There are 4 protein chains.
Amino acid sequence: MSKIKLGILGGGEDSLIGVLHRVASSMFDKYEVVGGVFDPTYDKSLNFGKKLGLDPDRLYRDLDHLVEEENKRAEEDRIQVISVLTPNFLHFPMAKKLVENNFHVICEKPLTTTYEEAKVLVDLQAEKGKIFGVTYTYTGYPMVRQMKQMIADGVIGKIQKVDVQYYQGWINPIIHDKEKRSSTWRLDPGKSGISCCIGDIGTHAFNMVEYVTGQQVEQILADLNYLYEDNPMDIDGTVLLRFSGKAKGVLRASQIATGEENNFTVQIYGEKGGLKWQQENPNYLYLMVDGKPLQVLKPGHVYNSDFSLEGTKLPPGHPEGIFDSMGNIYLGIANAINGKKKFDGAYPLLQEGARGMKFIEKTVASHKEGNVWIKLDD
Amino acid sequence: MSKIKLGILGGGEDSLIGVLHRVASSMFDKYEVVGGVFDPTYDKSLNFGKKLGLDPDRLYRDLDHLVEEENKRAEEDRIQVISVLTPNFLHFPMAKKLVENNFHVICEKPLTTTYEEAKVLVDLQAEKGKIFGVTYTYTGYPMVRQMKQMIADGVIGKIQKVDVQYYQGWINPIIHDKEKRSSTWRLDPGKSGISCCIGDIGTHAFNMVEYVTGQQVEQILADLNYLYEDNPMDIDGTVLLRFSGKAKGVLRASQIATGEENNFTVQIYGEKGGLKWQQENPNYLYLMVDGKPLQVLKPGHVYNSDFSLEGTKLPPGHPEGIFDSMGNIYLGIANAINGKKKFDGAYPLLQEGARGMKFIEKTVASHKEGNVWIKLDD
Amino acid sequence: MSKIKLGILGGGEDSLIGVLHRVASSMFDKYEVVGGVFDPTYDKSLNFGKKLGLDPDRLYRDLDHLVEEENKRAEEDRIQVISVLTPNFLHFPMAKKLVENNFHVICEKPLTTTYEEAKVLVDLQAEKGKIFGVTYTYTGYPMVRQMKQMIADGVIGKIQKVDVQYYQGWINPIIHDKEKRSSTWRLDPGKSGISCCIGDIGTHAFNMVEYVTGQQVEQILADLNYLYEDNPMDIDGTVLLRFSGKAKGVLRASQIATGEENNFTVQIYGEKGGLKWQQENPNYLYLMVDGKPLQVLKPGHVYNSDFSLEGTKLPPGHPEGIFDSMGNIYLGIANAINGKKKFDGAYPLLQEGARGMKFIEKTVASHKEGNVWIKLDD
Amino acid sequence: MSKIKLGILGGGEDSLIGVLHRVASSMFDKYEVVGGVFDPTYDKSLNFGKKLGLDPDRLYRDLDHLVEEENKRAEEDRIQVISVLTPNFLHFPMAKKLVENNFHVICEKPLTTTYEEAKVLVDLQAEKGKIFGVTYTYTGYPMVRQMKQMIADGVIGKIQKVDVQYYQGWINPIIHDKEKRSSTWRLDPGKSGISCCIGDIGTHAFNMVEYVTGQQVEQILADLNYLYEDNPMDIDGTVLLRFSGKAKGVLRASQIATGEENNFTVQIYGEKGGLKWQQENPNYLYLMVDGKPLQVLKPGHVYNSDFSLEGTKLPPGHPEGIFDSMGNIYLGIANAINGKKKFDGAYPLLQEGARGMKFIEKTVASHKEGNVWIKLDD
């Protein structure tokens, strides 16, 4: 089976997310980057593409040209899937055009800027039947996948308590400085939508708890923090959660947890045990069972599920990281494109991206209405 | 200066809390246990007291006898302070009688069963001027004291985010078994008051955040969990907090966090940095400053405050634990009794005990009224 | 049963070791400190003893008076056991006199200044049949005891590799400063014997590996470090070990591991698994079994042995520390004195103290002879 | 600048090392894999190469054909550098032929099977002037590079104590089973040279301490363990070290540390402080300075050196792992090939590979001669 031809929108010179996606796509020898539009300025895009060793013919002026030209090619030579790494507000129009034109899509999160847009994509994809992955990167870690599997297997029994934290501190030096604040796109509703903290990292936390528990959040009550009256965007928030399975939970997200880097922690407790995982030390999964020694599971061991093991390339003790996690998501999407789906949850679905958009909107609504309970689906 | 004469109520044979208080009282050579009522059954109390090597004359039949007989003694020979380690519902009548009769008091938490009772004690103590300590044990750890001092000194700047967790799992094997549940006094409102989880451990968390931040919680919104409809007592809860200093926070407490032992964690974030402390590893205090290496402070080093250093008996690297923490509180009370107060916060005041009672009542009220904001002081 | 009457030699005002022993003796309500000689200066001793609330009649001018006067008392009133906390060179004459006069003895380490002296005590004690404990404090930790038990039970199978580290950094600021060096008694062979690092902490490490493995070291090859030619005392060393059970091992000790506090770590590997313990986090015991999740055992859980559980006073999650560890050793000695021995290894025997002296002498010999193998017993 | 054309020898289907090198080569967009010999069986190599999307014309029958055919190509189209991932005994003849024919070389470790062979390569390379990197993977971690820089900058002062541990347990289930043992190539001197443990992992440890300290080991005294008399290969060993800078040290390596995965730990102590790093948690570097809080440095922060920062692709808190470490080494080699060397130590030199071979031979000699001191250079 030959490699999948991959195009990229955005992610050019100096883009970190570009590096992440390109490396991830290379990890399992499933993809070949063949072209794209790396920058809105054509020259920059062209130069960057050349540096990657790409055929200049496939370094397009813009998405329209890409679609037009690629569609002229023979099917076996055509770009099959496109990674959308452009600024958030472009995700929707680009992804829409791509699905309409029968490309598979890999889209960065947040999927869109509104839930309305997200629903449009969901309907369109249902109609077109293309593969559409949203890169909630963290679900690609082997120990997250192991956690999901163990919960599904009943290792911790019926879930009774969910606790998720996503704490960063990077906005702290910005928020207290009005000048810096005004030049930060994440704090500009025009560019970033209705939410900063919940939109950027709260959605990861939300997706993660639904992912690992296999349960849906039914109701939320949110308290957000804007710190300054003239700051229109939340930079911290706590969301009380009620799950379909009757469990209660709490989601905490912050960008003013000064000194925190990317401290994303998940704790799930059931009738038979508890499980804990931390993104900054992703190769440790803690299983707590009452009256038993704490167990620490690590990647690559035979005691892990096949799904988890698929995501580890080297033997135990050789730490893999976030590039590898993204690589696993790319692998899941490749398998789906190749019609060889092996595991549920192998990549985040478009529907999860849409659900994230709904979560953001409902969270802001709960807060604005006075910290009241709101149903997620009504 | 001779040792302070200490009496004990409760804490007899097989009592863990009794061991904790006796050992703590011995740590700085400030106290001498001379008598008390160790058990409601006189014979048991007598036997136990003899095992401790006490004079049988001071092993009293009950509190009334104790008060009567001790008051007959010359002042320099009289019991000066009494530790109240009896079941919760007895704290109030006993403490009241003791203060009325001019004893200093050390009382286990929760101080009383209602806030009304607590207020009575506060008023009485103000009138009598006796020393009255409430054993929120955890505030005695050297690194908690260091945290308090560093926050007061402005090391992390103005506080903007408070997060406190107190997770245990011990009720999990009980709550799902109706028989066990009915025989657990903590789950019996008649014995344990209106709250289990918030009353037992939520108050510790509440006291701790007010202690280290030096700020008061002004408003709360609580969501408690009872898991079963026929269970009258909360066993888990999340409380949103708003502080006098405008910071927001969240307090999480659970007794159904299966597999957790005594996972009490405090995270305080300010404009200049963050501080973290965990009870199960009490000798590590984490200071996070944006763009600087994480710093880990440990007890006994010269970089700690005098208040913190007073609470460490051995050089760095010799781990002290919860007995030592309680020992530090006993030391603070001894210094107060001896009129040699050195540090604010050296022991938890009666007022803090009373405030804990108020927190419990308001938390339950917020939950019962539909998870709404309630002012703590109105 | 009434409390054991305990006397103390040394450990007066400002003595840390004095605090440690007094608190430890109080932890299980087995001992009552009744007198002793706390300081060579009688007035100081007297004042200190009064502060402890002791009867001035039993605050003796010196050891001779103590022995004479105590022997005049009725047996049930007499001091039964004496803790020897004086400078190292006094351990031998004092302990000898005490055993000769039928006192039980608790002696700080190092037991003596030479192996010759130690042998005299061993012979004397055999003749007199008194209880004689040497306070290798670290063997009192519950998880060390659990480790010993698990190895004895075959949990890790036949031992094949032993690794023990005892790293401190406290001599670093002294060793490079000739003035400070000359005023440090540990670096003065006249006061401290033939070895500094091996004598002070290497012996702990040596005792620990023999204690937990139940095997004896048969041969050693040592390389010591003195850093400066004019420094007569080792401050760092590595010792290759060969055990009776054919396992090989390595012991590393240093007082110039700059920045280390009291980093004493034991790693034992067998055919079936490995065990690891660290003194600075004494409540965690790591069990590694090939192909299984890492297990972390903690004190107070039912999965621990009775011997381990005896050494934990509070439920899991309430950290106990080094005072508690010493308390456990005092408990073991109390049980022995009371004729109620429950567990092998409940306190370090005189023979272990003597063996430590032999280890020091042989280690220095191996180094001085050019880093060659030497038999421990010949 | 266009990408460097990379060829690969070995590393075909199911090869983990092949994945590691291919992914690493892709990480900074500096290389393009264009061909090679992935398997000694031509068909397998061909099929695998096609799966990678390579031009079948450059999937050669063997190294001779590769050299011949590539040399026919125009210089700008020719393979510039070749990664040698074949079994150990082939490293020497292949690397030799490659250098002779003017290819740059990236060679897995151990470089050769004897020090004699290694010297031949060193001389040849000096003559030919080609770039030759040896993939001691662990030196690519950002925090190892930071450690090297800090030591060079004098942060911990003059080094006085070096301690390095490389513990694995994977041979444990093999060594006790004669059948398994005989089918393990690492335990077969014919395939693996004169040493198993020291040759495989001891060399990593040796290279690491010379790398980070910038000092050379001058003398060694080794004690190896073979466990069984009929096992010809060491599976565990301790090596005493003396450095050019007068520091002493100890290197410990084991493959029978049951339950250990890849526990490679480096501790360096100087007059001013200590530094610690552990491969299994590679993103934490511990700086201990006497009397100061412990500092924990992490990748990507501005306080790190440029050399360290070059090796981090994402912001702090996004864990990178061993693939990224190898990627950094490939980057260093790419920069060298492109004549843009930026940092000393950016990739392990041929000379370091040769020195590793010498270390192996001298270690075995020291052991066999009765655990005696041997000079590394004589």
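Taking the conditions (1) free of Cβ contacts under 8 Å to residues at least 60 places away in the same chain; (2) open to solvent by less than 50 Å² (accessible area, probe 1.4 Å) in turn, B:Lys368 satisfies each one other than (2). Taken as a whole, the structure places A:Leu294 among residues that are more than 20 Å from D:His21 (Cβ to Cβ), within 14 Å of chain B (Cβ to nearest Cβ) and surrounded by fewer than 23 Cβ atoms within 10 Å (Cβ to Cβ).
Selection of the stretch C:264-282 for residues being part of a strand (DSSP E or B), open to solvent by less than 20 Å² (accessible area, probe 1.4 Å) and either free of Cβ contacts under 8 Å to residues at least 12 places away in the same chain or not hydrophobic (A, V, I, L, M, F, W, C) (or both) yields C:Thr265, C:Gln267, C:Tyr269, C:Gly270, C:Gly274. Being touching a helix residue (DSSP H, G or I) at 6+ places or on another chain (Cβ under 8 Å), surrounded by 16 or more Cβ atoms within 10 Å (Cβ to Cβ), of a type in the set (Gly, Ala, Ser) and within 21 Å of D:Ile333 (Cα to Cα) holds for only one residue in D:Gly36, D:Gly12, D:Gly18, D:Gly49, and it is D:Gly36. Among the residues of the stretch B:224-236, the ones that are on the phi > 0 side of the Ramachandran plot and touching a residue at least 60 places away in the same chain (Cβ under 8 Å) come to 0 in all. Taking the stretch B:344-356 as the range and being open to solvent by 10 Å² or more (accessible area, probe 1.4 Å), touching a residue at least 40 places away in the same chain (Cβ under 8 Å) and either more than 18 Å from B:Gly129 (Cβ to Cβ) or assigned to a loop (DSSP other than H, G, I, E, B) (or both) as the test, the residues that pass are B:Gly345, B:Tyr347, B:Arg355.
Restricting the search to the stretch D:154-181, which residues are part of a loop (DSSP other than H, G, I, E, B), among the charged types (D, E, K, R) and closer than 18 Å to D:Ser244 by Cα? Correct list: D:Lys158 only. Examine the stretch B:172-195 for a residue that is touching a residue at least 40 places away in the same chain (Cβ under 8 Å) and closer than 30 Å to A:His176 by Cβ, and state whether such a residue exists. No, because not a single residue in the stretch B:172-195 is touching a residue at least 40 places away in the same chain (Cβ under 8 Å) and closer than 30 Å to A:His176 by Cβ. Out of the residues in the stretch B:60-97 that are touching a Leu at 6+ places or on another chain (Cβ under 8 Å) and of a type in the set (Phe, Trp, Tyr), which is most open to solvent (accessible area, probe 1.4 Å)? So, considering only residues that are touching a Leu at 6+ places or on another chain (Cβ under 8 Å) and of a type in the set (Phe, Trp, Tyr), the one most open to solvent (accessible area, probe 1.4 Å) is B:Phe92.
Total residues in the stretch B:127-177 satisfying the condition of being more than 23 Å from the chain's Cα centre (by Cα), open to solvent by 20 Å² or more (accessible area, probe 1.4 Å) and within 30 Å of A:Glu271 (Cβ to Cβ): the figure is 4. Go over the candidates A:Leu54, A:Leu111, A:Leu20 one by one and state the one that is of a type in the set (A, V, I, L, M, F, W, C), under 25 Å from D:Lys5 (Cα atoms) and part of a loop (DSSP other than H, G, I, E, B). Answer to the selection: A:Leu54. The single condition from (1) within 14 Å of chain B (Cβ to nearest Cβ); (2) open to solvent by 20 Å² or more (accessible area, probe 1.4 Å); (3) not polar (S, T, N, Q) that A:Leu285 fails is (2).
Can you name the residue in the stretch A:306-343 that is in a helix (DSSP H, G or I) and more than 29 Å from A:Phe92 (Cβ to Cβ) and is also nearest to the chain's Cα centre (by Cα) among such residues? The residue in question is A:Asp324.
Per the conditions (1) farther than 16 Å from C:Ile156 by Cβ; (2) at pLDDT below 95, the sole criterion not satisfied by C:Gly311 is (2). Scanning the stretch D:211-255 for residues that are in contact with a helix residue (DSSP H, G or I) (Cβ under 9 Å, 6 or more places away or on another chain), of a type in the set (Asp, Glu) and not in a strand (DSSP E or B) returns D:Asp230, D:Asp234.
Taken over the stretch C:178-202, the residue count meeting the criterion of being small (Gly, Ala, Ser) and open to solvent by 30 Å² or more (accessible area, probe 1.4 Å) is 3. Considering A:Glu261, A:Glu271, A:Glu280, A:Glu218, the condition of being touching an Asp or Glu at 6+ places or on another chain (Cβ under 8 Å) and closer than 30 Å to C:Gly291 by Cβ is satisfied by A:Glu280 alone. Looking across the stretch A:226-236, the residues that are buried (at least 23 other Cβ atoms within 10 Å of the Cβ) and either not acidic (Asp, Glu) or not assigned by TED's automatic domain parsing to the domain that holds A:Arg186 (or both) come down to A:Met233, A:Ile235. Determine, yes or no, whether A:Asp123 is under 18 Å from the mean Cα position of the chain (by Cα) and either part of a loop (DSSP other than H, G, I, E, B) or among the acidic types (Asp, Glu) (or both). In short, no.
Looking across the stretch A:303-315 at every residue that is surrounded by fewer than 21 Cβ atoms within 10 Å (Cβ to Cβ) and at the interface with another protein chain (Cβ under 7 Å from one of its Cβ atoms), the one that is farthest from D:Ala24 (Cα to Cα) is identified as A:Tyr303. In the stretch B:249-260, the residues that are more than 7 Å from chain A (Cβ to nearest Cβ) reach residues that are hydrophobic (A, V, I, L, M, F, W, C) and open to solvent by 10 Å² or more (accessible area, probe 1.4 Å) with C-beta atoms within less than 7 angstrom, at least six apart or across chains, in these pairs: B:Gln255/B:Trp170.
Taking into account only those residues within the stretch D:141-186 that are within 10 Å of another protein chain (Cβ to nearest Cβ) and small (Gly, Ala, Ser), which is farthest from C:Gln160 (Cα to Cα)? The residue in question is D:Gly157.
The values are calculated or read from the model by the stated rules, or taken from the named source; none is laboratory data. Note that the coordinates shown come from a computational prediction; the quantities given were computed from them, not determined experimentally. Note: ideal-geometry Cβ built from the backbone for every residue, glycine included; neighbour counts use all protein chains shown. These accessible areas exclude ligands, DNA and RNA; they are computed on the full protein's heavy atoms, side chains included. Shrake-Rupley method; radii C 1.70, N 1.55, O 1.52, S 1.80 Å.
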